[in-house]
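Q: For reference, the structure I am asking about is given below.
Derivation of every value follows stated rules applied to the coordinates shown; laboratory data play no part. No experiment lies behind these values; they were computed from the predicted model shown. Quick reminder, even Gly has a Cβ in these numbers, built from the backbone with ideal geometry, and neighbours come from all protein chains shown.
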Amino acid sequence: MSVVAVVGGQWGDEGKGKIVDMLAEKSNMVVRFSGGDNAGHTVVNPLGQFALKLVPSGIFYPRVACIMGNGMAINPAVLLEEMDSLKQRGIDLSRLYISDRANLIMPYHTLLDGLEEESRGGKAIGTTRKGIGPAFSDKIARLGIRAGDLLDKDGFHERLSRLLEYKNAIITKVFGAEPLSLDEVFQQYCEYGERLAQHICETTVMIADALERGDRVLMEGAQGALLDPDFGTYPFATSSSPLAGEASIGAGFGPTRIGSVIGVFKAYCSRVGAGPFPTELDDETGELIRERGHEYGTVTGRPRRCGWFDAVAARFTRRVNGCTGLAITRLDILDTFPRLKICTGYELDGQIIDNFPASVATLARCQPVYEELPGWQVSTSDIRQFEQLPREARQYVARLEELLSCPADIISVGSAREQTIVRRDIM
Ligand code: GDP
Ligand code: IMO
Ligand code: MG
């Protein structure tokens, strides 16, 4: 079997958690390959409602092995808290595996994320302040501490003392903040290491074995392509790649194994944090989408910025991801609108462009060009067959398929697992 990757096509929060939870029913393994606890993946299934930050969304099926891949940045304190809360709710975690190569988020990462954001003043990125940027920077600068390092206390102590001396110099001399104590950080992380030891292992072999056996492997993306450090609205981006290509690198198998890429897109757009957003609605329509959609961040509780579907951006992210199919989520949120708009081009300096600009300064000057479609104004949340959707809703989905040159294989009409229209078997 080839690998199926599920990735976000917009600015995150597209409903990846829901789609992965639903697809995991037919899979043997679910792997998270990027990001950290900046992610918040909501899953609503017969066991309840869960907001997962780090644990893969396949954890609710006793048969499914869940891997946290080398491409993630893991805050062990947050992970242990999440594991405790899942255990309390009766979820078995014996099949949770952590790559020994995954980088760890250290207390100086979260501290520096906050200090750096403060120092940017009005130019802040609006990060989740979870230490993501500093942790991935350290990984690339070869200054990281990895999950496997916790298993060798002497080696860990030596590395941490060197790193902390350097980090404390930045914390005190650049930011004038209080230094961190080596003893405290060391003791704390040794304790985390002891508690997590049974889960930390060489996960690339597990994935290779699964593929060899013909198991169904599902890759769970975090964030969305428009937050990618290369292709997103840089520098208003995150610090690991949310793209399908990263599924291979962030989990440790060859890219030729990826057979399908499902791009998850909301039926409209939302964004948390700063940065340009061409179709943003700063009016009562935007407010209505936010209220109907309860568009408040899972991680930070911040109100999400809302707007119409941006097909210029979506066509671009469909392409850089190589999507073979789309999952259109939250179609039901549009149920009450008499008319809907889709952005099909940008007007820039009097010209219409249909490519997504690299520069945020250019993007900020782009005015959306809209096409209007009729709304359907009936509830879609109980519909399970595409043919039973109102004609206008089918038209809306068909127009998205046409604009993105990609079939909408899945349409989601509610947060619960079963509130889904599946038009083609994915797994
Ligand atoms: P993720 O980060 O991509 O997993 O998405 P989030 O969980 O942060 O945000 C998506 C929100 O939409 C969650 O509250 C989901 O429960 C919810 N959701 C997912 N699909 C649908 C849908 O089709 N309709 C509605 N109404 N809610 C949905
Ligand atoms: P999921 O997986 C939405 C955004 C932050 C900020 C920018 C950089 O739930 O879709 P970071 O903390 O990563 O350095 O912040 O990226 N961001 C997300 N927005 N969903 C997410 O994850 C996000 N992860 C990061 O709001 O704008
Ligand atoms: Mg989310």
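Q: Treating the Cα atoms of segment 265-422 as identical point scatterers in vacuum, please give the log10 of the normalised Debye intensity I(q)/I(0) at q = 0.12 Å⁻¹, two decimals.
A: Debye curve over Cα of segment 265-422, log10 I(q)/I(0) at q = 0.12 Å⁻¹: -0.51.
Q: When Lys and Arg each count +1 and Asp and Glu each count -1, what net charge do the other residues less than 10 Å away from residue 345, Cβ to Cβ, add up to?
A: The answer is -3.
Q: Relative contact order for segment 232-299: what is it in percent, counting Cα pairs under 8 Å that are at least 6 residues apart?
A: 24 percent
Q: Take the residue pairs 123/173; 130/173; 87/167; 167/266 and return only those whose Cα atoms are more than 28 Å apart.
A: 87/167; 167/266
Q: Continuing with the same structure: What does the charge dipole of the chain about its Cα centre add up to, to the nearest 20 debye, if the Cβ of each Lys and Arg holds +1 and the Cβ of each Asp and Glu holds -1?
A: About 520 debye.
Q: Pulled fully out, how much extra length does the chain show between residue 80 and residue 181, if you take 0.36 nm times their separation in residues and subtract their Cα-Cα distance?
A: 34.2 nm is the gain from fully extending residue 80 to residue 181.
Q: Further question: For the residue pair residue 370 and residue 140, what label-to-label distance in nm results when each label sits 7 Å from Cα along the Cα-to-beta-carbon direction?
A: 3.7 nm
Q: Something else: Can you tell me the length gained on complete extension of the stretch residue 158 to residue 205, counting 0.36 nm per residue apart and subtracting the Cα distance?
A: 14.0 nm
Q: What is the Cα radius of gyration of segment 1-145 over 2.2 N^0.38 Å, N being its residue count?
A: 1.08
Q: Pairing the Cα long axis of helix 391-404 with the longest principal axis of the chain, what angle in degrees results, from 0 to 90 and rounded to the nearest 10?
A: Taking the Cα atoms of the chain, the angle to 391-404 is about 60 degrees.
Q: With label points built 7 Å along Cα→Cβ from the Cα atoms of residue 377 and residue 398, find their separation and express it in nm.
A: Reported label-point gap for residue 377 and residue 398 is 2.1 nm.
Q: Once R0 is set to 25 Å, what does the formula 1/(1 + (r/R0)^6) return for the Cβ-Cβ distance between residue 213 and residue 424, expressed as a FRET efficiency to the nearest 0.05?
A: About 0.55, to the nearest 0.05.
Q: Kindly state, to the nearest 0.05, the FRET efficiency for residue 388 paired with residue 234, given R0 = 56 Å and r defined as their beta-carbon distance.
A: 0.85
Q: Ok, one more. Using Cα pairs closer than 8 Å and at least 6 residues apart in sequence, work out the relative contact order for segment 265-422, in percent.
A: 25 percent
Q: At a temperature of 4 °C and a viscosity of 1.567 mPa s, determine how fast segment 180-289 diffuses translationally according to Stokes-Einstein, using the Kirkwood radius over alpha-carbon pairs as Rh; express D in µm²/s, rounded to the nearest whole number.
A: Answer from the Stokes-Einstein relation: 72 µm²/s.
Q: With N residues in segment 78-172, what two-decimal value do you get for its Cα radius of gyration over 2.2 N^0.38 Å?
A: Dividing the Cα radius of gyration by 2.2 N^0.38 Å gives 1.27.
Q: Per residue and in cubic angstrom, what volume does the convex hull of the Cα atoms of the chain have?
A: Per-residue hull volume (Cα only) is 134 Å³.
Q: With an 8 Å cut-off on Cα pairs and a minimum separation of 6 or more residues, tell me the relative contact order of the chain in percent.
A: Reported as a whole number, the value is 20 percent.
Q: While we're on this one: What's the angle, to the nearest 10 degrees (0 to 90), between helix 153-169's Cα axis and the longest principal axis of the chain?
A: 70 degrees
Q: Placing +1 at every Lys and Arg Cβ and -1 at every Asp and Glu Cβ, with all other atoms neutral, what dipole size does segment 252-362 have around its Cα centre, in debye to the nearest 20?
A: I would put it at about 560 debye.
Q: Take the Cβ-Cβ distance between residue 282 and residue 63 as r, set R0 to 45 Å, and report the resulting FRET efficiency rounded to the nearest 0.05.
A: Once rounded, the FRET efficiency stands at 0.45.
Q: When the chain is treated as a GNM, springs tying every alpha-carbon pair under 10 Å, which of 375, 144, 301 comes out with the largest mean-square fluctuation?
A: Of the options given, 301 has the highest mean-square fluctuation.
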